[in-house]
Amino acid sequence: MEGLWLYNNIFNGSLPREIGNLKNINSLDLSSNKLKGEIPNSLWNLTNLKDLQLQGNSFQGSIPWAIGNLVNLTILSLSRNNFEGEIPNSVGNLTNLKDLDLSKSNRF
């Protein structure tokens, strides 16, 4: 499977850690749902991801340093969530990034 697009549904609860089993996926769009809690660490091991869209949920906590593992990302949207804290320096590892959206409702 190359992409998983489950945007604009009414999925609620937390994102299961098994999401990290999708090793070959390059596009993940879970935007505009009602997902909450912290993003499981297993997500940051999906190093083939080029497009990660999690905007419009209620994810919380800080963005972990491990986000820098996703070096193939070209699109990263975490806007309209409840993230807080500092943006990790490891975001600088995302040298292929063309679009980065951390706006609205986050507290950095």
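Only the coordinates and a few stated rules stand behind these numbers; no lab work does. As the structure is a computational prediction, the values presented were derived from the model and not from experiment. When we count neighbours, we look across all protein chains shown, and the Cβ atoms used for this are built from the backbone with ideal geometry, even at glycine.
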Checklist line | Integer Hz, Karplus 6.51/-1.76/1.60 couplings in order for region 21-33, x for Gly and Pro | finding: 7, 7, 4, 9, 5, 10, 9, 9, 10, 10, 5, 6, 10
Check: Tell me which lysines have Cα within less than 16 Å of K23's Cα, excluding those fewer than 8 residues away on the same chain?
Finding: K50
Check: Taking Cα centroids, how far is region 64-99 from region 34-54 in Å?
Finding: 10 Å
Check: Tell me, which longest segment in the chain has none of the trypsin sites (Lys or Arg not before Pro) that fall in DSSP loops with at most 11 further Cβ atoms within 10 Å?
Finding: 24-97
Note to self: Just want to confirm a number: the relative contact order over region 4-108, from Cα pairs under 8 angstrom separated by 6+ residues, in percent.
What the structure shows: 22 percent
Notebook entry, point to check: So who's got an amide H within less than 5 Å of the one on L35, skipping anything under 5 residues away but keeping other chains? H placed 1.01 Å off N, in plane.
Noted result: S58
Check: About its Cα centre, what dipole magnitude does the chain give when the only charges are +1 on Lys and Arg Cβ and -1 on Asp and Glu Cβ, stated in debye to the nearest 20?
Finding: 140 debye
